[in-house]
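**Q** Okay, handing you the structure first.
The values are calculated or read from the model by the stated rules, or taken from the named source; none is laboratory data. Source: prediction; values computed, not measured. Ideal geometry is used to build each Cβ from the backbone, glycine not excepted, and the neighbour counts take in all protein chains shown.
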Amino acid sequence: MGSRPPARRVSAAGSAASRKPNVNGHAPRSDDAPVPAFTYDPANRRILVADDAEDIRTLLVELLTDEGYDVVEARTGREMLDIYHGPQHPALVLLDVQMPDMTGIEALREIAQSSGGQTLPIIMMTAFTTASVAIEATMLGAFDYLHKPFDIENVVQKVKTFFSTQEQEAQMTADPAEADQRLRDEIIGSSPEMARIFQMIGRAAASDAPVLITGETGAGKELIANVLHKNSLSASGPLVKVNCAALPESLLESELFGHEKGSFTGALNQHKGSFERANRGTIFLDEIGELTLSTQTKLLRVLQEKEFERVGGTAPIHVDVRVIAATNRRLEDEVSAGKFREDLFYRLHVLTIHVPPLREHMEDVPLLVQHFLHKHRYGVAGRSARISPDAMDKLMTHLWPGNIRELENTIQRGIVLSQGGLVTAEQIQFAPQAGGRLIDITQRVRERMPLTQVLNEVERELLVEALKQHEGDRVAAAHVLGLELTDLTQRLHDFGLDGEYAAD
């Protein structure tokens, strides 16, 4: 940065110098004064950095000035509001959550109250690792948020994204104070992948459109549905969950739509289905890819017309239900294979939240570990267990085919084995996976592992799995792998497995 021009800095106090200060040293603002609505102006390149930490302000001022922006500063939330509502309205505000006089969320809420529901030109800055700040800020209308410590390239990219966006999302002004704080904070993560999820939840919560949650088993799809329902602006009723893979088609139809008395053998009473019970609320259809085509047709009608009949009934029942569906399948492939209706797919695909597998955001593992250590305390009044560095190293090198669910079970098992004390590497025991160990090809390429080494790793896993499935029978394992017995024996020797799988 040695060749850059001097950073232009305009203090918050200077910007208010022409106005008579109040007892706190800030220019007064009339509560009756009109609040300027944000209108994107391509000529306005002014950015306001609001943070009580001087080193953070200095870093951001220099960085953004080098990028050609006109940067001003504020040290407190009230100073930020004075500048924001002043005559030289900034085009964008980088707003810290923690400040001495008022929090960034409080300042954001004050702006949102008069914003008319528009997306606000504000990027929140936070060191918090829970979902609450991200979801609340997005629901209040913040354009985006940054996690501290900063990735410089990420800061510049988010600012450029703001200035390149012609239309901003709207209807983000709901106050989420009524939302369940404990539940929201169970979504743990500070990675960019989780940041995108927090933002999507905040935006989806302001709508009643169907949401499709995709991701591998154990990645946290049901938790996302819980949080989305709790923060939904349109759902005043309950959240009703249906596991579409757990019931046969005959029972599933009755579970979803209900049945009339006497409609089939065993129907001794009228039964209200899940859609009827979820009226004015949310229905969560887990593993929706398991639905038969017949049931898909009836579900499509509910989405289109918001009505259905109970099994054995003729009277249409009208409902107002928000549908959240989840699947670990690629529904696009199911549509191509004729197993999922294309029209239903597009009805569900209005808003999609993809939950990445844990191996794609490993930087969140330490945060999740601390959360589970606290959640599964040993004894009702017990203190949180601790984890040793070697145990954490072991957790960080595992690929987690069972995702967050596997991590939680692993930590809970370690807490029991350590009796709530120090969880060591020996007490981190991974459950055997039915599908074998996953080999992360992306990570292997990132580590520049030679092709021969990757192929050797795959071959070793194939040998081990074949022998496991045939209970150590070398002849059977060789046959299924298409090898001669002598070839299999040599390969086991080369991999050092002949002792583990000794010949009879």
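**Q** Mind checking whether some residue in segment 315-328 is assigned to a helix (DSSP H, G or I) and either over 28 Å from residue 272 (Cα atoms) or of a type outside the set (A, V, I, L, M, F, W, C) (or both)?
**A** First, the residues of segment 315-328 that are assigned to a helix (DSSP H, G or I): none.
Taking every residue of segment 315-328 in turn, none turns out to be assigned to a helix (DSSP H, G or I) and either over 28 Å from residue 272 (Cα atoms) or of a type outside the set (A, V, I, L, M, F, W, C) (or both).
So that you can scan it fast, the table gives a plain yes or no per residue for (1) more than 18 Å from the chain's Cα centre (by Cα); (2) in a strand (DSSP E or B); (3) surrounded by 24 or more Cβ atoms within 10 Å (Cβ to Cβ):
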{"site": "213", "(1), (2), (3)": "no, yes, yes"}
{"site": "222", "(1), (2), (3)": "no, no, no"}
{"site": "235", "(1), (2), (3)": "yes, no, no"}
{"site": "242", "(1), (2), (3)": "yes, yes, no"}
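**Q** Looking only at segment 257-269, count how many residues are over 10 Å from residue 311 (Cα atoms) and at pLDDT 85 or above.
**A** Residues that pass the stated criteria total 0.
**Q** Here is a follow-up. Just need a number here: residues in segment 352-361 that are part of a helix (DSSP H, G or I) and surrounded by 19 or more Cβ atoms within 10 Å (Cβ to Cβ).
**A** Just the residues of segment 352-361 that are part of a helix (DSSP H, G or I), to begin with: 358-360.
Applying the additional criterion that residues be surrounded by 19 or more Cβ atoms within 10 Å (Cβ to Cβ) yields 358.
So the answer is 1.
**Q** Further question: What are the pairs, 6+ residues apart or on separate chains, where a residue within segment 63-81 that is farther than 13 Å from residue 92 by Cα has its Cβ under 8 Å from a residue that is polar (S, T, N, Q) and surrounded by fewer than 21 Cβ atoms within 10 Å (Cβ to Cβ)?
**A** Partner pairs satisfying both residue conditions: 77/103; 78/24.
**Q** Of everything in segment 69-127 that's touching a strand residue (DSSP E or B) at 6+ places or on another chain (Cβ under 8 Å) and among the small types (Gly, Ala, Ser), which residue is surrounded by the most Cβ atoms within 10 Å (Cβ to Cβ)?
**A** Per the stated criteria, the residue is 74.
**Q** Sticking with this one: Take the conditions farther than 22 Å from residue 230 by Cα and of a type in the set (Val, Ile, Thr) and apply them to residue 350. Does it pass?
**A** Numbers: farther than 22 Å from residue 230 by Cα: no; of a type in the set (Val, Ile, Thr): yes.
Against the criterion (farther than 22 Å from residue 230 by Cα and of a type in the set (Val, Ile, Thr)), residue 350 does not qualify.
**Q** Next question, about the same structure. Please go through (1) in a helix (DSSP H, G or I); (2) touching a residue at least 12 places away in the same chain (Cβ under 8 Å); (3) over 26 Å from residue 223 (Cα atoms); (4) in contact with a Lys or Arg (Cβ under 8 Å, 6 or more places away or on another chain) for residue 294 and return the number of the only condition it doesn't satisfy.
**A** Evaluating residue 294 over (1) in a helix (DSSP H, G or I); (2) touching a residue at least 12 places away in the same chain (Cβ under 8 Å); (3) over 26 Å from residue 223 (Cα atoms); (4) in contact with a Lys or Arg (Cβ under 8 Å, 6 or more places away or on another chain) leaves (4) as the failure.
**Q** Here are some conditions: (1) touching a strand residue (DSSP E or B) at 6+ places or on another chain (Cβ under 8 Å); (2) farther than 30 Å from residue 146 by Cβ; (3) not in a helix (DSSP H, G or I). Residue 246 meets all but one. Which one does it not meet?
**A** That leaves (1) as the condition not met.
**Q** Within segment 362-404, how many residues are in a loop (DSSP other than H, G, I, E, B) and either on the phi > 0 side of the Ramachandran plot or in the same structural domain as residue 324 (by TED's automatic domain parsing) (or both)? Walk me through it before giving the result.
**A** Just the residues of segment 362-404 that are in a loop (DSSP other than H, G, I, E, B), to begin with: 376-385, 388, 398-402.
Of the ones still in play, those that are also either on the phi > 0 side of the Ramachandran plot or in the same structural domain as residue 324 (by TED's automatic domain parsing) (or both) are 379, 400.
Summing the residues that are in a loop (DSSP other than H, G, I, E, B) and either on the phi > 0 side of the Ramachandran plot or in the same structural domain as residue 324 (by TED's automatic domain parsing) (or both) in segment 362-404 gives 2.
Residues checked against (1) out of contact with any Pro (no Cβ under 9 Å at 6 or more places or on another chain); (2) over 13 Å from residue 244 (Cα atoms); (3) at pLDDT 90 or above:
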site	(1), (2), (3)
271	yes, yes, no
275	yes, yes, yes
296	yes, no, yes
307	no, yes, yes
311	yes, yes, no
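**Q** Mind telling me which of the residues 448, 491 ends up being more than 24 Å from residue 216 (Cβ to Cβ) and at pLDDT 85 or above? Write out each step before concluding.
**A** Details: 448 fails: at pLDDT 85 or above.
On inspection, the qualifying residue turns out to be 491.
**Q** Go over the candidates 332, 342 one by one and state the one that is without any contact (Cβ under 8 Å) to a residue 12 or more places away in the chain, over 14 Å from residue 276 (Cβ atoms), over 19 Å from the mean Cα position of the chain (by Cα) and surrounded by fewer than 16 Cβ atoms within 10 Å (Cβ to Cβ). Let's see the steps before the verdict.
**A** Details: 332 fails: without any contact (Cβ under 8 Å) to a residue 12 or more places away in the chain.
None of the other options fit; the residue is 342.
**Q** Something else: Tell me, which helices (runs of 4 or more DSSP H) lie completely within segment 7-102 with 3 or more residues that are modelled with pLDDT of 70 or more?
**A** On the way: elements: 12-15, 54-66, 77-84.
Those helices (runs of 4 or more DSSP H) span 54-66, 77-84.
**Q** While we're on this one: Give me a count of the residues in segment 152-190 that are surrounded by fewer than 13 Cβ atoms within 10 Å (Cβ to Cβ) and at pLDDT 80 or above.
**A** 4
**Q** Looking at residue 203 and the list (1) over 13 Å from the mean Cα position of the chain (by Cα); (2) surrounded by fewer than 20 Cβ atoms within 10 Å (Cβ to Cβ); (3) within 19 Å of residue 138 (Cα to Cα), which single condition is not satisfied?
**A** For residue 203, the failing item is (1).
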